[in-house]
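S.K.: The structure under discussion is supplied below as C-alpha cells; questions concerning it will follow.
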Amino acid sequence: MIPICRPELPPLERYVELLRDIWDLHMLSNFGKYARLFEQRAQAQLGTPRVRAVASCDIGLVIALAALDLPAGGEAIVPSFTFNSTINAIVWNRLTPVFADIDPWRLTLDPAEVERLTGPGTAVVVGTHVFGNPCDHDAIRAAAGPGIPVVYDAAHAFGTRYRGRAAGTLGDAEVFSFSGTKLVTSAEGGLVAVTRDDLVTRIEYLRAYGFQTDYESHVVGINGKISELNAALGALTIETLQEGDLIGWSWLFPPYTTAFDARSLEDTHTLVFDGACLRAKCDLDPALGYGLLKLFAGLVVQRLQNARFQLLDVYGTVAGS
Ligand SMILES: Cc1ncc(COP(=O)(O)O)c(C=O)c1O
C-alpha cells in the first residue's frame, strides 16, 4: 500500500530530551512552556503572531467559527469535497451547511459557486485547502462579498503559500491539523490562525472552557487544550523541518507529488521535496509517479460523488446541494 501522506518524524532522542524536561517541570497541560514554544515556532513559520495551539483541527474549527459569533441558523457555504470536521464545526455552531462544488483541477472550493450560492442568509464561507493545495483565496474573498467572513480548514496546509502569502494569513480564521496522519505532526494537535486581535482573545477563552480571568467566564467554551507532550513534539517537528535539507515538503506521499511538482498551479505554491530528496525518499521513476497521480486523481474524482452523498445523508438535504 502506498500511503497518501506519511508524517515526518524528528529524531527520537531529541524528543526524549524534551520529555525529560517536561517530567522535571511536572507541567503536562494548561499552556505551559511547550505549548508556548509550539505557538512561537508556528508564528515564525507563518509570519504572524496571531496563532494559537489547540487539541485538534476538529476542535479548532468549532472554536474558530464560535469566535466569529455568527447568527444561529445562518448559512455556511462549504465544499462538498472535504473531511467531516469542516461540516461538523458548522453544525456544532448551529449553522446550516450549503454545499458547493469544487474546481476539478484544484480540488478546492470553486469561487464561481461561492458567488452563485451567496445570498442574504449567508453567514460565512468555509473552504478547505486540499492536500496542501490552497483555495483560490482572492477569488473566494471577492465572491463572498464584504462583511462575510472566510474561514479555511487548513488541516493539510501548514507550510503552503498562496501568491506569496502563507496559509494561515489568508482567511479571517484558518485551522491546521497536527494529527498523526499529517505530514507535520504533534501526534494529536492543531493550530488556529486568525487575522484579527479580538479573535485571538476569543480563541484563548473558547479553547480553555470559556475561562477569561481565573474562573470567570462569559463565553461557552470547550476543552480545546493541547498537552505539553503533544506541543513539544509539534515544536520539534517544525524545528526539524526548518533545519532539514528540504526546501519544502509535500502533503502527498512522494509517488503522488511528481506530477504536482511538474504542473504547479500558476499562482500557488504547494511545498515540495527538492528533486534529490524526492528521489532519496522514493526510488520511483517520475513517469510512474505521474501514472500513480493520475490513478489517484481518478479515485478522488470517483469518490467525490460518494463523499457528497454521504455528507448529505448525515446532514440532510440543504440549499445548494
Ligand atoms: C480536511 C481535514 N480537516 C480536518 C481534519 C481533522 O483534523 P484533526 O484530526 O486534527 O482533528 C482532517 C483530518 O484528517 C482533515 O483531513
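S.K.: Could you say whether any residue in the range 11-22 is in contact with a helix residue (DSSP H, G or I) (Cβ under 8 Å, 6 or more places away or on another chain), more than 16 Å from the ligand (Cβ to nearest atom), at pLDDT 95 or above and β-branched (Val, Ile, Thr)?
M.R.: yes
S.K.: If you check Ser29 against the conditions, is it closer than 23 Å to Tyr152 by Cα, modelled with pLDDT of 95 or more and hydroxyl-bearing (Ser, Thr, Tyr)? Spell out how you get there, then give the answer.
M.R.: Working: closer than 23 Å to Tyr152 by Cα: no; modelled with pLDDT of 95 or more: yes; hydroxyl-bearing (Ser, Thr, Tyr): yes.
Taking the combined requirement at face value, the residue does not satisfy it.
S.K.: Something else: From the set of residues in the range 185-206 that are within 13 Å of Ala173 (Cβ to Cβ) and not in a helix (DSSP H, G or I), which is nearest to the ligand (Cβ to nearest atom)?
M.R.: This residue is Gly190.
S.K.: Please determine, by comparing only the residues of the range 41-57 that are more than 16 Å from the chain's Cα centre (by Cα) and without any contact (Cβ under 8 Å) to a residue 60 or more places away in the chain, which one is surrounded by the fewest Cβ atoms within 10 Å (Cβ to Cβ).
M.R.: Going through the qualifying residues, I end up with Pro49.
The values are calculated or read from the model by the stated rules, or taken from the named source; none is laboratory data. The shown structure was predicted, so the numbers you read here are calculated from the model rather than taken from an experiment. Because the Cβ atoms are built from the backbone with ideal geometry, glycine has one as well, and the counts that use them run over all protein chains shown.
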